[in-house]
1. Assess whether E35 counts as being in a loop (DSSP other than H, G, I, E, B), at pLDDT below 75 and exposed (fewer than 10 other Cβ atoms within 10 Å of the Cβ).
2. Identify, please: which residue in region 77-101 is modelled with pLDDT under 80 and among the polar types (S, T, N, Q) and is, among those, surrounded by the most Cβ atoms within 10 Å (Cβ to Cβ)?
3. Quick test of your reading of the structure: Y64 fulfils all but one of (1) modelled with pLDDT of 75 or more; (2) out of contact with any helix residue (DSSP H, G or I) (no Cβ under 7 Å at 6 or more places or on another chain); (3) among the aromatic types (F, W, Y). Name the failing condition by number.
4. Could you say which residue among A57, A74, A29 is of a type outside the set (V, I, T) and modelled with pLDDT of 70 or more?
5. Only one of (1) in contact with a Cys (Cβ under 8 Å, 6 or more places away or on another chain); (2) at pLDDT 70 or above is not met by Y17, so which one is it?
Amino acid sequence: MADCKNCGKVLPEDWRYCPNCGQDQWGPASPPQEERTETPPSNVPPPPTPPPRESPAWLRGMGYTFGSCLLIAAVVIIVFIILSVVFVSCLAVVSQNAGTP
């Protein structure tokens, strides 16, 4: 049994690399590496927060916000899709019954 040249862990004789620190046991020994921890300076102020997003002036004048306009647009699109499906299905029924007296 041999000891690691870097960390001192007991190793089997035939091992080239230490499983603890990875040091090559057949090459030159390197000095132990110290763990570095960086602490941020305490006198640095935090980054500024962005201002809140405002609605355009023409929407604020009517009392609408940007979110409510998106909601209204989504409802209009959904109603349009539902009416389109109903219209197409009615056309299919009418075209099937058009040939019968």
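1. Yes.
2. Here is the first cut: in region 77-101, the ones modelled with pLDDT under 80 are 97-101.
Right, trim to among the polar types (S, T, N, Q) and you get 97, 100.
Values: N97: 9, T100: 5.
Filtering region 77-101 for residues that are modelled with pLDDT under 80 and among the polar types (S, T, N, Q), the one surrounded by the most Cβ atoms within 10 Å (Cβ to Cβ) comes out as N97.
3. (1)
4. Details: A57 fails: modelled with pLDDT of 70 or more; A29 fails: modelled with pLDDT of 70 or more.
The match here is A74.
5. (1)
The values are calculated or read from the model by the stated rules, or taken from the named source; none is laboratory data. Being a predicted model, the structure only gives us computed values, none of them experimental. Here Cβ is always computed from backbone atoms with ideal geometry, including for glycine, and neighbour counts include all displayed protein chains.
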